[in-house]
Structures are given as structure tokens and as C-alpha cells.
Amino acid sequence: MPDIRVDNLSFTYPGASSPALKKISLSVPQGEFLLLAGPSGCGKSTLALALAGLIPTRISGSLRGKIYFGDKDTRTLDIHEIAQSIGMVFQNPDEQLIHLDVEAEVAFGPENLALPRTEIAHRVEASLHYTGMDQFRKQEIFALSGGQKQRIAIAATLAMQSRVLVLDEPTSDLDPVGTQDVLRVLRTLNTQYHMTIVLVEHKIDEIIPWVDRVLLMDQGRIVIDKPPRQAFSESALWHNLGVAVPQMVQLAHALPDVFQGQTPLSVDETYEALHNTHYAQSLLQRNDILIPPQTPNFSTIPALSWERVDLTYDKKQVLKHITMHVMPQEWLAIVGANGSGKTSLASLAMGLQSPTSGVIRHHDKIVEAGQLSRQAQKIAYLFQAADNMLFTASVEEELLFGVKHQKKRQNTAAMHFTLEQLLEIVDLTSYRKSNPFHLSHGQRKRLALGALLTRYPEVLILDEPTTGQDEGHANAFLQFLQQLRELNKFTYMMITHHMDAVARYASRMLVIKDGQVFMDGPPEYVFAHVDALASAGILPMPIAQLHSRLCNDRAQRVSLNVKSFLQSLQPLEVLP
Amino acid sequence: MIPALTQFFFHTLLGRTIVGYFLFFSVPTILPTVLILLIGVKGLRHLFSYEPHPTVIHKLDPRLKVLYPFTIGLVSVFLNWNFVFLLLAFTLIPWILVRPSQRRIRVVLALVLTPAIGLVWSQGLFYITKNDAAHVLFYFPPTLSWYGTPGLSSTGLLYGLQQAGRVMVATSSSLILLLTTKPSEIIWAFYQFRMPPAVGLAFTAALRYLPQLIERMTVLLQVMQIRGYDLTRPRWWQLHLWPNYIARVFATIPIVTVPLLIGSLRSTSVMALVADARAFGAKPNPTSLQEHPLTINDRIAISALASVVLITLLLIVFHIGNRTA
């Protein structure tokens, strides 16, 4: 008997014109690892909430059809009864942890069930063991990293003795190390403890080698329901929906003579298929003749520069002797594990805080901490959470906020763009009178950016501009930023965990490790150092990893996308 | 020079008006500034956080630590101010045993002294009885009649000092509870005293959300400035810029409230779903993983607390330390 059976399920949110789920039928056998993919708004999170019993018991709407756990109709069960079979883990670990220490958090569910103390102790111990968090039992939650917090959220769910785990983008707020931590735990729970995993996730490249089955959703319907090796046979459908096909799958489709209809899912599998072929030989030959990266032109004064900068909080040194620069019109990506000092670096440039020692300059002027509104005339900072940047009741008011609230003596500094131009730039002309909180995530992000552009800054600091967006929306926003930069000659400094964005758009990348500049150079050269990057908590894209491995880890530069990798596989003589 | 100044400030209408305004507005202006300077917005995040240390106080039974501020607060109500300050000295013993971090000491001092000073000041101005004329230290001139108080009185200041003692006793004993007890232990203790579980959950949620709320507010204020809203603090001598600065600071309140509320509501809705999924409220009598058998240190602490109560009773019975005002 399957663990979960969904029978003709439809769900409509109150006030919505069309259902979020349309006649979904599906069954999930025990021990299956199921990936739920699809563009934003396709209904995958709604399906996850329904599977976990939170729809319709806690989130109202019109529900038709049934969900069975074993032979029980979940609508006949109370939410805590469902939670003892199907547990739900949400996106943001900080929002789903109730207590302030690990042990209390994990024990919370069993305590509420009024279990005997010995049973609670056993469950706490087992759950922490399953998630590899045994040694953190007595820790305060605020002292944990994002990945560790998410593992505690999983442990707390397991303490309810759930056999099925439903996870809604559990890694979207995590850095690459945290993401790998959580995914490893899920893999262990599935393979060693035979738990059923239903995972809603955008990071398909990273998860696809481990899943048993892939569901692709669109407009409330399941459009693909296949094992992972067959799920991407209709790659056009994935592309049309803006959901990325794994790079290894794209490669297999492009090299049918090597893969012969087989679909590799991991770098290991692809490497096995390619490493003894003439393609690999071509790649090695090409690697031997590559020229070193061009040194940047220092004749221009940097747009931003950090000179021997140290930053210390209490006794912790966050930044150590940082000397670096951002050149005008450059798109610099700053990457590194959470807590490595990336955001501190950017906040110093904005003047959000002052360094313990050293100087930050914008061109030749020293950046003074606390002079934010003055600094913002030259530098803008797009925060990760766009919602924190919106204050007013309409799009129009939002764009005029800065001008309206400037001091009287500063009012002479008119907006560089007219309101109409700004609305056009951020593609929100038709939403002029709309409430910002009624816009989609991407629209809110564009609006926040538009609000910053009123002052026509020269440098834009972009803090995780793609977090929480699916591949299609993330690419659309990055493309928008690229066009904006080309048109207005802006300089970008982007903090990100999204390596694909770095590969596609950054002209230079800087790796921060333990508060120091660890690596600095064009992405194709930096991503060649896979092992060194791993020590800094960075995992290059699969195609870069494959390129490096095929060159026996001696690659000087690696391909950043499948297209350039395929070009690298061509024999040298056929190149123009 | 000095006689001339004395003449001006105490014997002319203009001088007395200036002194009156200074007396009235200096403390309400200075106290919040001192509080922010000593604690800071970032410091507020850790205001009520637990600070782990392997001390005797940390290891005491949480029930005892929850009872402690209630008992001390209650006792202080019945004692006269001499003994209230003796009680304040008693509440310092746990602090000496805990030896908190310097940052925490700064926060505690700010939290204890700021309301105390405010209380002394307000009582000095407004606690004036009909026959108190002889104790008025400074009479407000007719230009300040709208204050509704004749002036600053020594009786009022003394009364404020007595009340401040009680406030300081309560704050000191409450803060030691929060500093040395995990929230889960506090809730466990509350459950042992038959408190409804929802109150315990609300308490935890508040402690959990306070740092996030402050963090979010900090970001919002930074965003406002980045978007052109000038909150640059003038130098202390640029007196003409301060009124506008203060007005701009106050004007931020309605602007940040909406996003702050929306963000908080979104966060709490997820937490509510999680609490439901973890069977919160499913059983009338939840159990607990925690167990706190009474130790010798607990017994010593109980004895000390019981002694305080007993001594208070004796002081009252023998009319030695009874409260008079």
C-alpha cells in the first residue's frame, strides 16, 4: 500500500479566480524520494501543504478530492495526528523554530503529545542522531548556522515520528554548505531509514542524482511524472516553463554518440561516460595551450576600494586585512559561505557601519559610516528581502518616496528619471496604482530596484538578488539587471550563493573565506579550482566540476555553461 | 559673576522660566538618549537573552528562580524604603555569583537605573501635597503654570527615591531570572505552577521574535536612509538642526510600522502552523523532558529566600520596617 494517495484533488484559495490545484491524482510509495518541480505559482507549495494536512485544516479554501495516508483519509484526522505520519518542513528555519534551544525544540512535539519522559528522551536522541545534530543538543538555536537550524527543524519533525517528510524549498535561504548539509541528511533519511521524502526544490542540479521520481507541475496540474532519467526527455517543456534542465542531462542530449540514449544525472556518471573519449582528449589538449587571464586595467580609478580593512565585532574578527576594489562598470560577484564576511564587506561600502581599521573609498572619497542618505546618492543597496524596502500604498508613491522625504534643501536634486521612465524601466507601468504587496515577488524586487534608481546611483550593491525565485524568474531578473547595466553603465557588486548567476553575468568573482580574500579573478578561472573552492564552502556548477575532472583537476579555466563546454570538446583544428 | 547668574536664574521671570523648562525636559530627553547610548539598537536584541555560564545560580531549580522575583517584589511592597534598599543589596548577591559579561552589566545598569531616575524626577515634580510648601526647592514661575505643578519638591524627590528602590529591586530580581534561565526552563516552571500552555508559548514566541523584530527594524531604517530619507544625526553643538532631526526620527514610526507588521504577521503564521503540527494544545496535560530534582544548592537558596520572607514578616509584626508611604 502506498504511503500517500492523492485522489482527484482540487484546491482554490479564497477569492482566487482559478484553482491552485486541478484534479491532481498521485500515489507515493513508502521510501520514495520524490522531487516536486515547477515554476513559481504552479501549485507545488499548495500541494505540499495539502499533503501535510495543513490545507484545508489551517489554510482555508475550497478543497475537493481526497488524500489518504495508508488507508486513512487525512480529512478525518486532526492536524497533530497527521503530523505523526506526515511532517512538514518550511523554507525559512527561523520562522519554524519555536524554542530557543535545540533540545527543547526537538522535545516540543512529543511533550505536547504527553508522552512519558523516557519516550521523549528517546525520540529527541534518535531524531538528533538521524539528522547528525547529536553534538548540538545543548546548544542555543541562535548560535547555529542556517543549515544546522534547518536540520533541527527536520529533527523536530522526525520527533513526531513522521514516516513521510514534506519539505518546501528547505534550502532556498541556505548557503551552498548549508544546502549540502540538508540534502545529505535527506539522502540519509531516505536510504538508511527508508523514509518517504517529498521535496519541493529549485536546485534540481544538486538534488537530481538522489531522487527516485520527478513531478513537474504547471498551473495546478502535474505535466510530467517520471523517473529522473526519463523526466527530461521532453526538455522543451522544462525550458518553456522556465525550469532548468540539469546540466548533465543537457550534455547527454547534446552528445548522443557518447551517451547513446542514456541519461546521466551526476558529474560522476557523466565523467565515467566521457573520460576515455576523444572529447576528453580534445579538452586536455585545449587546456594545455590556454592563456592566463588578462590583468585588469588599473589606469581607471576604482569605483570602490577597500584598503587594509579590518572589522571586529566584540572579539570576533569578521574581516581581516581586506584590500580589494571594484572597477567602474564591472559586475563583481562576491561568494563565500554564510558568515564568511561578504555582507559585512558590502555594508562597509554603503556606510552601514565603520571598519575597525582601514579605509573604504568611493573613487577618491572616503566612505563615512552613518552618512547613508548622502552615500546613497552614489551607491545603492538592494536588500535580499525586497519586502523590507517597500513602505507605501502604491507603486507610484514607492518610486517617489525618496524625493518626497528628502530634506527641503536637497529638493533641488531632481530625479534623474521621470516617474514614467522609471515605471517603464522596471516594467510596472500598468501597476502604477497597485499596492506593492499585491505584486509578485519578482515585481516587488523590480520595484525596490526602481525606487533605488530615482537617485541614479553609480554603483549598485545587490544582496542575493535571486533568493527565493525559481530559475526562470531569477534569470529574468538578472537579464533585466544586465540590460539596465548596459544602458546606464552601472557598476554591480553582487553577493550571491547562486553560482549559475555568477557564471552567466559576473565579469569577475571574489571568494571570501574566513574574512579574507581567498580567490579573485574571472569566473572561468576561479571555478577551475574545485577543491580549493570546496574549502571555502563553494560548489561550482556541475559543468565546471566535470570540466575540471576531465582535465585531471589541472584545468586552468573551465566552461561555465553547456554550450561553451561543447565548444571546448571540439578538436582544435576545426576551430576558426 | 556667580551672584549675577544666581540673580538672573532664580529671581527673574526669564531666568526662572529657563530653569523651569530645563528641569522639566532635561530628564525625559536625556534618559532615552542614555538608554540608547548604553544599550544601542543592537544591544536591545540581547536584552532578555539567556547567557550560559556554569554558575550555581544557573543550576538552581527554575521553579525557585521564577518564584524569586515574585517573592522579592512582593516583599518590597510591604517594607519601608530603608529596608527596600537593604533588599536591593540582597538582590545583588546572585549578580555577584553569576559575574555577567560587561556588555550585560551595561544593559542591566541601564535598565535598572533609567526607570529609577525617571521615577525620582517625575515624583519630584508631581508628588506635592497641600502642606508641602516648605519643601519646594524651586517654584515654577507663572509662565509655566500650564505644567500643573508648583515646582520641584524635596518630599517628592524622596518619595520618588523610595519608589525607585522598589522598581530597582523588581528589575534586578527579574533580570537575573532571564539571564540565568533558559526560556524552556521558565516555561517548564510555569507549567509546574499550573500556568496555561498558551501563555508559555506566547512567552517563548515573544523572546524568540524580539531579536528578529529589532533586526528587521534596523534594516528598515537603513533602507529608508538608502532611499533618501536623511537620518544623519547632527553634531551636539548644531542645536538648530536637532528639532528637525527629532521630527524626522518620529516621522519614521508610521513609515516602518506597516512593513514591520506585515513581516511579523507572515513569520508568526508559519510558526502557528508549526505549533499546530507539533500537537500544541492537543493534550490537556503535556509532559516534559525536563526534570529538576532538588539539590543542596536549591535547598540553600530556598532557605535564603524563606529567611527574607520571615525577616520581613518579623519587621512588619514588630513595626520596625513597615511601609509608611
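Any read-out appearing in this document is the output of simple, stated calculations on the displayed coordinates, not a laboratory observation. Please read these numbers as outputs of a predicted model, since none were measured by experiment. Heads up, the Cβs are rebuilt from the backbone with ideal geometry, glycines too, and the neighbour counts pull from every protein chain shown.
Structural remarks
- Cα gyration tensor shape of segment A:1-85, rounded if a/c is under 1.5, else prolate or oblate by comparing a/b with b/c: oblate
- Principal axis box of segment A:9-53, alpha-carbon based, largest edge first, Å: 37, 20, 16
- Simple Cβ-charge dipole of the protein assembly as shown, Lys/Arg +1 and Asp/Glu -1, about Cα centre, in debye nearest 20: 2860 debye
- The shape of segment B:163-268 comes out oblate: with a ≥ b ≥ c from the C-alpha gyration tensor, a/c is at least 1.5 while a/b does not beat b/c.
- Pairwise FRET efficiency - residue A:76 versus residue B:285, Cβ, R0 = 35 Å, nearest 0.05: 0.90
- Within a Gaussian network of chain B (alpha carbon springs, distance under 10 Å), most fluctuating of B:207, B:220, B:239: B:239
- Helix-derived mean residue ellipticity, 222 nm - over chain B, DSSP H n ≥ 4, -39500 (n - 2.57), to 500: -24500 deg cm²/dmol
- Mean per-residue shielding of peptide A:364-374 is 3, counting Cβ atoms of other chains within 10 Å of each Cβ.
- Counting every C-alpha pair in segment A:366-523, the share spaced more than 18 angstrom apart comes to 61%.
- With the charge dipole of segment B:1-112 set up from +1 on Lys and Arg Cβ and -1 on Asp and Glu Cβ about the Cα centre, the Cα lying farthest toward the positive end among the listed residues B:55, B:12, B:110 is that of B:55.
- Largest-first ellipsoid semi-axes for chain B, taking √(5λ) over the Cα gyration tensor eigenvalues, angstrom: 41, 32, 17
- FRET E, pair residue B:56, residue A:317, Förster distance 30 Å, beta-carbon r, rounded to 0.05: 0.35
- Approximate spin-label separation residue A:137-residue A:507, in nm, with each point projected 7 Å along Cα-to-Cβ: 5.5 nm
- Cα-Cα pairs of the protein assembly as shown separated by more than 41 Å (percent): 48 percent
- The alpha carbon convex hull volume per residue for segment A:500-576 rounds to 95 Å³.
- Values of log10 I(q)/I(0), in the order q = 0.17, 0.28 Å⁻¹, for segment B:160-206 under a Debye, Cα-only, solvent-free model: -0.60, -0.95
- Cα lying deepest toward the dipole's positive end in segment B:133-251, options B:251, B:146, B:162, charges on Cβ: B:251
- Partners for residue A:22 among lysines (Cα-Cα distance below 18 Å; same-chain residues under 8 apart left out): A:44, A:66
- Kirkwood Rh (inverse of mean 1/r, distinct Cα pairs), segment A:55-133, angstrom: 14.7 Å
- The calculated FRET efficiency for the pair residue A:489 and residue A:566, based on their C-beta separation and a Förster distance of 30 Å, comes to about 0.40.
- Inter-centroid distance (Cα atoms) of segment A:236-277 relative to segment B:49-126, Å: 67 Å
- Kyte-Doolittle mean at least 1.0 and Cα axial length at least 30 Å: DSSP H helices in chain B: B:13-44, B:102-126, B:242-277, B:296-317
- With the helix formula -39500 (n - 2.57) applied to DSSP H stretches of n ≥ 4, chain A reaches a computed 222 nm mean residue ellipticity of -10000 deg cm²/dmol.
- Note on residue A:342: lysines with a C-alpha under 30 Å away, same-chain residues under 8 apart excluded, are A:138, A:149, A:203, A:315, A:316, A:320, A:365, A:378, A:445, A:489, A:513, B:42.
- In this structure the amide hydrogen of residue A:519, modeled in the peptide plane, comes within under 5 Å of the amide hydrogens of A:511, none closer than 5 places in sequence on its chain.
- Kirkwood hydrodynamic radius over Cα pairs of segment A:197-318, then Stokes diffusion coefficient at 4 °C and 1.567 mPa s, in µm²/s: 69 µm²/s
- Segment B:229-325: C-alpha gyration tensor shape, a/c 1.5 cut-off, then a/b vs b/c: oblate
- Ordering of A:181-188, A:169-176, A:359-366, B:290-297 by burial proxy (mean other Cβ atoms within 10 Å per residue, highest first): A:169-176, A:181-188, A:359-366, B:290-297
- Between residue A:334 and A:494, A:495, A:496, A:510, the built amide H atoms are under 5 Å apart, and every one of these is 5 or more places off in sequence or on another chain.
- Segment B:198-248 and segment A:146-183 have Cα centres separated by 32 Å.
- Between segment A:49-111 and segment B:276-325, the alpha-carbon center distance in angstrom: 37 Å
- Working note: Karplus 6.51/-1.76/1.60 with θ = phi - 60° gives segment B:283-292 the couplings 10, x, 10, x, 9, 9, 6, 6, 9, 10 Hz, where Gly and Pro are set to x.
- When chain B is treated as a Gaussian network with alpha carbon springs shorter than 10 Å, the biggest mean-square fluctuation among B:166, B:16, B:63 belongs to B:16.
- Under the convention that each Lys and Arg Cβ holds +1 and each Asp and Glu Cβ holds -1, the size of the dipole of segment B:209-318 around its Cα centre is about 380 debye.
- Summed over all non-identical Cα pairs, the Kirkwood treatment of segment B:114-212 gives a radius of 16.7 Å.
- Beta bridges per DSSP with both ends in the protein assembly as shown, % antiparallel, nearest 5: 55 percent
- Taking the charge dipole of the protein assembly as shown about its Cα centre, with +1 at Lys and Arg Cβ atoms and -1 at Asp and Glu Cβ atoms, the residue from A:216, A:265, A:100 reaching farthest to the positive side is A:100.
- Put simply, the amide H of residue A:21, placed in the peptide plane, has neighbours under 5 Å in A:11, leaving out anything fewer than 5 places away on its chain.
- Computed over segment A:162-223, the alpha-carbon pair-distance distribution with 10 angstrom bins reads 20, 54, 24, 2, each value a whole percent.
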